[in-house]
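Trainee: My questions will all concern the structure given below.
The values are calculated or read from the model by the stated rules, or taken from the named source; none is laboratory data. Note that the coordinates shown come from a computational prediction; the quantities given were computed from them, not determined experimentally. Here the Cβ positions follow ideal geometry from the backbone for every residue, glycine too, while neighbour counts run over all protein chains shown. What goes into the accessible areas is simple: the full protein's heavy atoms, side chains included, and nothing from ligands, DNA or RNA. Shrake-Rupley method; radii C 1.70, N 1.55, O 1.52, S 1.80 Å.
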Amino acid sequence: MTSDNLPLAGVTVLAVEQYGAGPFGSMLLGDLGADVIKIENPQGGGDVGRHVGPYFFDKLDSHFYQSFNRNKRSITLDLKKPEGAKIFRDLAAGADAVLDNLRGDLPSKLGVTYDHLKDVNPKIVCAHLSGYGRQGPRRSWPGYDYLMQAEAGYLSLTGEPDGPPTRMGLSIVDLMTGVMTAYGLVSALLGARASGRGMDVDVSLFDTALHTLCYVATWKLNSGHVQGREPRSAHPSLTPSQLYRTGDGWLFVMCNKEKFWPIFADRIGRPELATDPRFIDFAARLKNREELTVIIDEVLSTRTSAQWSEALGGHVPISPVYDVAEALDNPFVAGSDRVADFERAEGGDPVRMLVGPVRINEQVGLKRAAPAMGADTKDVLGTLGYSEDQLAALRDKGVI
């Protein structure tokens, strides 16, 4: 697939970003055809993600960096220098949007807000991803994913009831906030094209983490219920919807509709459970969950996870529990186009990675590996009319 037949073809996004959340959001835009111009500070080795180990392809090219920056171009530009600020404004004049993931007090200082850019481009959309927002007492606070998980209550919901507070295994708040920022930017872009007026869009790690408490928050705000950890990663109100032991590991069973319960009972060879008064409906099963867990454990322990997956898969919602290697080696993944080689613009070995999750006309998005630092500076600034001599002078001053 080429960028020409993707929905964001022709959209230019200037990305003042580094590390995880912001790059993840702009990468999703690049997957769908946007020309994402990644702006990296020439001082200190660019995006800090380039330095995050322990695995590297080369200097300034970590596995971590590649995972967040496919389908982009990279230029080096110091926005704190007057010449760098001017170049940025010149680029913004021809861009559709700016996406930054700066600390909340910095977008105004660096001139990347709508108020700073509307004179050169009245339609521009400026999306700001920060830890705690650009307003309020925490606007100058640094913020990271695990902190948000802790303060928004996630750690109190994850793990076994008698265990310590536990974070999710992935940087889930970073990833969700990146998605929210991409969603906000595209929504604002539609509005700007209709009205002729751009705008600021604000998304924060904290607000995203808090908002995705979702129904758990509604329970507390309306009924006073404070949800805690459930045993076996169980759903708080539906059962069987949790982990069960098999002969060689674990199986996650989710009979989250009543219709699945008799099917499950029948296929595990215990059809009488479906009509047992102790387990007749959600309320009865929840009341007797511990007793039901013992029964299901005993039955499922007679076969392996693979055997139960074969017997139950497609009939009731179940899944074996895999580690990362098993998840990637899963035939459902390995036999598909969900993993691909991403070619490097500079040549050399491709980078093998997961493709984007959005499909257009049944095809995945672009598959270009992340750019080398500053690889596109000459080309991008060339569109503004900068000559070789001018670029050399800017390099000597540390602007690019």
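Trainee: What Kirkwood Rh does segment 237-283 have if only Cα atoms enter the pairwise 1/r average? Answer in Å.
Mentor: Every distinct Cα pair counted, the radius reaches 11.2 Å.
Trainee: Mark the label point 7 Å from the Cα of Ala393 along Cα→Cβ and return the residues of segment 344-386 whose backbone N is within less than 12 Å of it.
Mentor: Counting only backbone N, you get 386.
Trainee: What does the accessible area per residue of the chain come to in Å², with a 1.4 Å probe and no ligands, DNA or RNA counted?
Mentor: 50
Trainee: Also, I was wondering about something else. Label point 7 Å out from Glu151 along Cα-to-Cβ: which residues of segment 78-105 have amide N under 13 Å?
Mentor: Within reach of a label on Glu151, which here means backbone N under 13 Å from a point 7 Å along Cα→Cβ, segment 78-105 contributes 104.
Trainee: Just the projected area, averaged over all directions, of the convex hull on the alpha carbon atoms of the chain: how many nm²?
Mentor: For the chain, the mean projected area of the Cα convex hull comes to 23.3 nm².
Trainee: Give a quick list of trypsin sites (Lys or Arg not before Pro) in segment 242-351 that DSSP marks as loop, anything other than H, G, I, E or B, with at most 12 other Cβ atoms within 10 Å.
Mentor: Sparse-neighbourhood loop trypsin sites (Lys or Arg not before Pro): Lys257, Lys259.
Trainee: Roughly how big is the chain's charge dipole about its Cα centre, with Cβ charges of +1 (Lys, Arg) and -1 (Asp, Glu), in debye to the nearest 20?
Mentor: I would put it at about 840 debye.
Trainee: A follow-up question, please. In whole angstrom, note down how far apart the Cα centers of segment 29-52 and segment 285-312 are.
Mentor: After rounding, the separation between the Cα centres reads 47 Å.
Trainee: Next up: Using a 10 Å cut-off on Cβ atoms, rank the peptides 323-329, 351-357, 55-61 from the highest mean neighbour count down.
Mentor: Top of the packing list down: 351-357, 55-61, 323-329.
Trainee: Need one number: nm distance between label points at Ala217 and Leu110, each 7 Å from Cα along Cα→Cβ, rounded to one decimal.
Mentor: 2.7
Trainee: Can you pull the percent of the chain's accessible area that's carbon plus sulfur, 1.4 Å probe, other chains left in place?
Mentor: Carbon plus sulfur share of accessible area: 55 percent.
Trainee: Residues with beta-carbon under 10 Å from that of Thr377, excluding Thr377: net charge, scoring Lys, Arg +1 and Asp, Glu -1?
Mentor: Local net charge: 0.
Trainee: Could you give me the radius of gyration and the Dmax of segment 141-206, taking only the C-alpha atoms into account and expressing both in angstrom?
Mentor: According to the Cα coordinates of segment 141-206, Rg and Dmax are 16.4, 56 Å.
Trainee: Let me ask another. Students often get this wrong: which residues of segment 279-299 have the backbone nitrogen under 15 Å from the point 7 angstrom along Cα-to-C-beta of Ala311?
Mentor: 295-299
Trainee: How long is segment 57-175 along each principal axis, judged by its Cα atoms, biggest number first, in Å?
Mentor: For segment 57-175, the Cα spread along each principal axis is 58, 41, 24 Å.
Trainee: Further question on the same structure: What ³J(HN,Hα) values, in whole Hz, does the Karplus curve 6.51 cos²θ - 1.76 cosθ + 1.60 give for segment 359-368 when θ = phi - 60°, with x put for Gly and Pro?
Mentor: Karplus-based 3J(HN,Hα) across segment 359-368 equals 10, 10, 6, 6, 10, 6, x, 5, 9, 10 Hz.
Trainee: If you stretched the chain out fully between Tyr55 and Asp276, how much longer would it get, using 0.36 nm times the residue separation minus the C-alpha to C-alpha distance?
Mentor: Once the chain is fully extended between Tyr55 and Asp276, it gains 74.2 nm.
Trainee: So if the hydrodynamic radius of segment 287-400 is defined as the Kirkwood radius over C-alpha pairs, what does Stokes-Einstein give as its diffusion coefficient at 10 °C and 1.306 mPa s, in µm² per second?
Mentor: 80
Trainee: What is the pair-distance distribution P(r) of segment 174-271, computed from all Cα-Cα distances in 5 Å bins starting at 0, with each bin given as a whole percent?
Mentor: Percent of Cα pairs in each bin: 2, 10, 12, 13, 12, 12, 11, 10, 7, 6, 3, 2, 1.
Trainee: Turning to a different aspect of this structure: Helix 214-223 versus the longest principal axis of the chain: what angle, 0 to 90°, nearest 10, using Cα atoms?
Mentor: Taking the Cα atoms of the chain, the angle to 214-223 is about 60 degrees.
Trainee: Moving on to the next point. What list of ³J(HN,Hα) couplings, whole Hz, do you get for segment 228-236 from phi and the Karplus terms 6.51, -1.76, 1.60, once you set θ to phi - 60° and write x for glycine and proline?
Mentor: x, 6, 10, x, 6, 6, 6, 5, x
Trainee: Here is a further query. If you count the DSSP beta bridges with both ends in segment 1-133, what percent of them are antiparallel, to the nearest 5?
Mentor: If I count the DSSP bridges inside segment 1-133, around 10 percent turn out antiparallel.
Trainee: If you don't mind, another one. Residue by residue through segment 70-82, which ³J(HN,Hα) values in whole Hz follow from phi under the Karplus form 6.51 cos²θ - 1.76 cosθ + 1.60 (θ = phi - 60°), with glycine and proline marked x?
Mentor: Rounded to whole hertz, the list is 5, 6, 9, 10, 10, 10, 9, 6, 8, 6, 7, 8, x.
Trainee: What does the charge count near Pro161 come to, summing +1 for each Lys or Arg and -1 for each Asp or Glu among other residues with Cβ under 11 Å from its Cβ?
Mentor: With Lys, Arg at +1 and Asp, Glu at -1, the net is -1.
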